[in-house]
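The values are calculated or read from the model by the stated rules, or taken from the named source; none is laboratory data. What you are looking at is a predicted structure, and each value in this text was computed from that prediction instead of being measured. No Cβ is skipped: glycine too gets one built from the backbone with ideal geometry, and neighbour counts run over all protein chains shown. Note: accessible area is taken over every heavy atom of the protein model, side chains too, but ligands, DNA and RNA are not part of it. Shrake-Rupley method; radii C 1.70, N 1.55, O 1.52, S 1.80 Å.
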Amino acid sequence: MPFFNFVVPDNFSGTERLDKYVSSLPDGLNRSKLKSGVNEILVNGKKGKLSQKVKAKDQINIEWEDNIPDNIDPEDIPLEIVYEDEDVTVVSKAQGMVTHPACGNWNGTLVNALLYHWGRESVDQIKTGDTKDILQRRRPGIVHRLDKDTSGLIITAKNPEAEEWLHNQFMDKRSMQKEYICIVCGKPKENAGVIKTQIIRDPKNRKKFKAVTGTSEGKTAVSIYHVISTYGNYSLVRVRIKTGRTHQIRVHMRYLNCPILGDVIYNSPDKKFPKATLMLHSYKMKIRLPGQKELTSFRTKTPERFLEVEKKLKKIYGKR
């Protein structure tokens, strides 16, 4: 993917928006390309917006995609449907599947599979106009997401009314619960606890985030964890998230010095499990479905990759 990096001069004293400033540079990007093709904007190492004002000495890093497709097509990709009605489809997403089309992943996503499952036509993509409208057309029915290598429950909306309803549920975390299981390298000092930190972009690696305390930077992240069992220097942990930050559980487990097994970003390869993939699974969700007053609970089975690792751990260490 192309990158555009620059530093605002020391003597800059204007009040321009970021997109307008970038488009004014001799080798800059026009505003149309910025709206339609930007994958990520970092300002001084933190996530930025096209609308924010630039100031002297700002370090700007922009990643964008040139080859945006004209439409998002339905694709016949098998899905594990957990629940479905006229408003929603609950899927247990396979590990390795991207949630929605984006730069570098324009097909083979959950959205492509859902369009086929719902019997929908291709969704025409727009490349100019309001940024919100551009992104919304890439994510029909998507109200939350899971990382590519995280498996498990994800709820999707089949109509605009359901999408708005679910969006409100995710905004108000009191009306829903999401729980995960993970296998980590290490054992937390406490068998259960609450992790509350700020999460910021790692200034040394733009692909990573880090948990910090004692600062107002970043966004507040809260995770509640409980150790289910331990096997030597490995633990099976249940985590309920109170916020939904990018990489939250992965970052918080690393913060406890117990990085998730198979996490290529926040952990090192494990000698006992060199081929392990990310051991993180969204296994339980409680949410109010459209028009309902009570919470509905959904649960998935434990993935085969978890069972295989646990079997080996029990054989080596037994269970505690």
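Quick check for me: using +1 on Lys/Arg Cβ and -1 on Asp/Glu Cβ, what's the dipole size of the chain about its Cα centre, in debye to the nearest 20?
1940 debye
Rolling a 1.4 Å sphere over the protein heavy atoms, what is the accessible area per residue of the chain, to the nearest Å²?
53 Å²
Just report the Cα centroid separation between segment 147-193 and segment 1-20, whole Å.
36 Å
Under a Cβ-only charge scheme (Lys and Arg +1, Asp and Glu -1), can you give me the dipole magnitude of segment 194-264 about the Cα centre, in debye to the nearest 20?
Approximately 240 debye in magnitude.
From the gyration tensor of the Cα coordinates in the chain, what semi-axes in whole Å does the equivalent ellipsoid have, largest first, with each one equal to sqrt(5λ)?
Whole-Å semi-axes of the equivalent ellipsoid: 34, 27, 18.
Given that compact globular proteins tend to follow 2.2 N^0.38 Å, what is the ratio of the alpha-carbon Rg of segment 194-283 to that value?
1.09
Enumerate the helices in the chain for which the Kyte-Doolittle hydropathy averages -1.0 or more and the C-alpha atoms extend at least 27 Å along the helix's axis, using complete DSSP H runs.
none
Quick check on packing: order 5-18, 243-256 by the mean number of other C-beta atoms within 10 Å, highest mean leading.
On the way: 5-18: 12.1, 243-256: 20.8.
Output ranking for 5-18, 243-256: 243-256, 5-18.
At q = 0.24, 0.27 Å⁻¹, what log₁₀ I(q)/I(0) does a Debye calculation on the Cα points of segment 146-214 give, no solvent, two decimals?
Ignoring solvent entirely, the Cα scatterers give -1.24, -1.23.
Past the 21 Å Cα-Cα mark, which pairs from K242/K286; K187/K271; K93/K189; K148/K208?
Flagged as over cut-off: K93/K189.
Pull up all non-local amide H partners of L280: gap of 5 or more, or a different chain, and H-to-H distance under 5 Å with H placed in the peptide plane.
The list, which skips near neighbours in sequence, is S151.
What ranking, highest mean first, results for peptides 148-158, 270-280, 46-56 when packing means the other Cβ atoms within 10 Å averaged over each residue? Mind showing how you got there, number by number?
Details: 148-158: 22.5, 270-280: 17.1, 46-56: 13.8.
Order by mean packing, descending: 148-158, 270-280, 46-56.
What is the percent carbon and sulfur in the accessible area of segment 159-260, measuring with a 1.4 Å probe over the protein chains and ignoring ligands?
47 percent
Which value at 222 nm does the chain reach when only helices count, each DSSP H run of 4 or more adding -39,500 (n - 2.57), with the total divided by all residues and rounded to the nearest 500 deg cm²/dmol?
-5500 deg cm²/dmol
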